[in-house]
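Here is the structure we will look at.
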2 protein chains.
Amino acid sequence: MEVSVSQENYLKTILKLERSEGIASNQAIAQNLDSTPAAVTGMLRKLCEEGLVEYEAYQGAKLTQVGEQHALSTVRKHRLWEVFLVEKLNFRWDTVHQLAEELEHIGNEDFVNRLAEFLGNPLFDPHGDPIPDAAGNIRERVDVVFSSEAEAGTMFVVCGVSDSSDEFLRHLNRLGIELGSKYHAVERFEFDGSMEWSNNQGARILISSGVSEKILIQVHA
Amino acid sequence: MEVSVSQENYLKTILKLERSEGIASNQAIAQNLDSTPAAVTGMLRKLCEEGLVEYEAYQGAKLTQVGEQHALSTVRKHRLWEVFLVEKLNFRWDTVHQLAEELEHIGNEDFVNRLAEFLGNPLFDPHGDPIPDAAGNIRERVDVVFSSEAEAGTMFVVCGVSDSSDEFLRHLNRLGIELGSKYHAVERFEFDGSMEWSNNQGARILISSGVSEKILIQVHA
DNA sequence: ATCAATTTTTAGTCTGGCTAAAATATTTTT
DNA sequence: AAAAATATTTTAGCCAGACTAAAAATTGAT
């Protein structure tokens with residue numbers, strides 16, 4: 001029962017949609033994979049035959065147990081490789097996605113587990129996304145909110161982003177924001193929702209609402 | 001100019017044959033890749049069009065400069081991954097070939113060079129095969145001969161194998177022979193070419209001619 | 001010059017995934 | 001509840017990449 005690269009990408013997408021929407025519609029899958037609904041129907045049939053998704057015509061798709069395990073394993077590999085690339089090979093966090101996208105399709109469970117072990121079984125990837133453990137469990141973070149919710153006057157630490165696109169990450173790079181950066185929310189301008197932050201050297205930056213809504217933070221006690 | 005996985009395997013094979021036979025015949029390529037001469041002809045045409053091999057009908061194939069660089073880069077990746085798998089992930093040397101075969105097709109020059117750097121720019125892989133540097137140079141070993149040539153009475157160290165198949169490496173594992181193992185050539189039996197070796201604990205093993213002809217050694221001064 | 005071995009051509013197969021357009025279901029609106 | 005809008009599926013076929021089997025052509029050796 002070999003799962004192709006394309007199939008693994010479908011499984012990952014369905015997992016994501018199932019978590020965010022409850023069910024993966026044909027159209028949403030097509031959009032995510034830059035494909036068409038007709039193509040999706042064909043693939044869902046195959047995945048259903050192989051026992052990876054539950055699928056009835058017109059009812060959208062859900063992963064089976066087996067399918068979900070497989071998808072989680074792929075996500076695990078992807079995020080572990082990102083850790084490897086950033087921590088061991090000194091890649092910047094905004095340049096690792098594509099490479100990890102290729103590496104995630106290689107090897108078996110044993111291989112992934114050894115990689116995880118080698119990396120010290122990290123819990124989060126360089127974008128702050130949680131890494132499923134060998135059994136597929138994801139420890140969701142608590143006390144994490146979008147930076148747009150930060151009250152003026154609070155201190156916080158950047159712990160993730162909800163958009164890992166190259167463009168967004170490069171923008172954060174230009175702003176000097178990275179995982180673990182600490183800031184003080186100086187003020188929110190109700191006019192357009194933008195915010196002013198200051199770092200521990202006192203330098204101030206202006207953050208647009210679009211950006212602050214994509215940055216995950218943990219507020220300091 | 002994208003080079004497919006299959007094409008990279010052709011380039012690797014042609015490189016190997018060119019080094020051992022001077023030119024890569026259609027038939028030899030087919031044998032190596034477990035394919036047929038007709039299929040090889042088709043692929044050679046494509047590789048020729050893409051400027052990766054020099055090819056004239058009925059005359060066999062040779063790599064161009066570009067093709068050779070590409071092949072060497074693939075070999076470099078393969079061998080570096082083997083080092084990674086054995087040294088960092090604790091795989092046994094007889095279990096890494098298949099995985100490296102998949103990993104070798106991923107990523108660009110920058111990626112490989114960072115991997116090499118991370119591994120300390122090793123010169124040999126876990127089977128004793130030399131790793132090309134970033135420019136494609138291979139430092140060939142000197143004073144290396146097949147163990148079948150060892151004179152009775154000499155001491156030597158195992159530094160490579162000419163057959164990296166799973167079966168052969170597993171056999172060496174059962175015999176307790178690995179890279180860096182030191183032995184004393186006790187005697188060669190002219191009857192069938194088999195040899196008796198002893199290690200530094202005095203334990204003796206019998207090596208068939210078939211095996212001794214695939215083990216590379218360096219004789220101690 | 002002929003024959004054996006090798007290589008190429010021809011013609012077609014197979015897989016995996018895709019598309020476009022038509023047909024069918026479902027959902028929403030009124 | 002019927003009509004309209006939306007979403008999904010079917011149909012039919014394309015396309016790339018790599019392969020095969022058998023026939024034809026070429027080469028090289030004697």
Beyond 15 Å, the calculated P(r) of the stretch A:92-155 holds a percent of Cα-Cα pairs equal to 67 percent
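Using Cα pairs closer than 8 Å and at least 6 residues apart in sequence, work out the relative contact order for the stretch A:144-219, in percent.
Working: 135 pairs, mean separation 35.2, N = 76.
In percent, rounded to a whole number, it is 46.
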Relative to the first principal axis of the alpha-carbon coordinates of chain B, what is the inclination of helix B:109-118, with its axis defined by its Cα atoms, in degrees from 0 to 90 and to the nearest 10? 20 degrees
What's the angle, to the nearest 10 degrees (0 to 90), between helix B:65-83's Cα axis and the longest principal axis of chain B? 40 degrees
Within the stretch B:1-96, report the trypsin sites (Lys or Arg not before Pro) that DSSP leaves as loop and that have at most 15 other Cβ atoms within 10 Å. B:R92
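Determine the sum of side-chain charges near A:K88: Lys and Arg each +1, Asp and Glu each -1, restricted to other residues whose C-beta is under 12 angstrom from that of A:K88.
Numbers: positive: B:K88, B:R114; negative: A:E82, A:E87, B:E117.
Net charge around A:K88: -1.
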With B:V53 itself left out, Lys, Arg at +1 and Asp, Glu at -1 over residues whose Cβ is under 11 Å from its Cβ give -3
Averaging sequence separations of C-alpha pairs under 8 Å and six or more residues apart, then dividing by the length of the stretch A:47-134, give the relative contact order as a whole percent. 29 percent
Taking one equal scatterer on every alpha-carbon of chain A, how large is log10 of I(q)/I(0) by Debye at q = 0.08, 0.10, 0.16 1/Å? -0.34, -0.53, -1.12
Area of B:C48 that stays accessible when all protein chains are in place (1.4 Å probe, Å², to 10): 50 Å²
Nm distances between copies for A:Q31, ranked from closest, using label points 7 Å along Cα→Cβ: 5.8
At q = 0.13 Å⁻¹, what is the base-10 log of I(q)/I(0) for the protein assembly as shown according to the Debye formula with one equal point scatterer per Cα and no solvent? Please give it to two decimals. -1.24
Gyration tensor (Cα only) of the stretch B:1-127 to equivalent ellipsoid, semi-axes in Å sorted down, yields 28, 15, 12
Share (percent) of C-alpha pair distances in the stretch A:47-122 greater than 21 Å works out to 39 percent
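Averaged across the residues of A:90-100, what count of C-beta atoms belonging to other chains lies within 10 Å of each residue's C-beta?
Details: counts 3, 3, 0, 0, 0, 1, 0, 0, 1, 5, 0.
Neighbouring Cβ atoms belonging to other protein chains average 1 per residue here.
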So what are the radius of gyration and Dmax for the Cα set of the stretch A:144-219, in Å? 11.1, 31
q = 0.16, 0.19, 0.25, 0.29 Å⁻¹: log10 I(q)/I(0) that the Debye formula gives for the stretch B:5-63, counting C-alpha atoms only: -0.37, -0.54, -1.01, -1.43
Any idea which of B:L179, B:N32, B:S212 is furthest toward the positive side of the dipole for chain B, if Lys and Arg beta-carbons carry +1 and Asp and Glu beta-carbons -1? B:L179
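Do any GluC sites (Glu not before Pro) in the stretch A:82-149 lie in a loop, going by DSSP, with at most 12 other beta-carbon atoms within 10 Å of their beta carbon, and if so which?
Details: sites: A:E82, A:E87, A:E101, A:E102, A:E104, A:E109, A:E117, A:E140, A:E149; in loops: A:E104, A:E140.
Of the GluC sites (Glu not before Pro), the ones in loops of the stretch A:82-149 whose Cβ has at most 12 other Cβ atoms within 10 Å are A:E140.
Could you tell me the relative contact order of the stretch B:89-221? Use alpha-carbon pairs under 8 Å, at least six residues apart, and round to a whole percent.
On the way: 182 pairs, mean separation 36.0, N = 133.
Result for the stretch B:89-221 is 27 percent.
After finding the eigenvalues of the alpha carbon gyration tensor for the stretch A:133-172, what semi-axes result from the square roots of 5 times each, listed largest first in whole Å?
Details: eigenvalues 109, 68, 10 Å².
Here the semi-axes work out to 23, 18, 7 Å.
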Principal-axis tilt of helix A:5-21 within chain A, Cα atoms, nearest 10 degrees: 60 degrees
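The values are calculated or read from the model by the stated rules, or taken from the named source; none is laboratory data. Small disclaimer: the values here were computed from a predicted structure and weren't measured. A quick note on method: Cβ atoms are made from the backbone with ideal geometry, for glycine too, and the neighbour counts reach across all protein chains shown. Heavy atoms of the whole protein, side chains included, go into the accessibility calculation; ligands, DNA and RNA do not. Shrake-Rupley method; radii C 1.70, N 1.55, O 1.52, S 1.80 Å.
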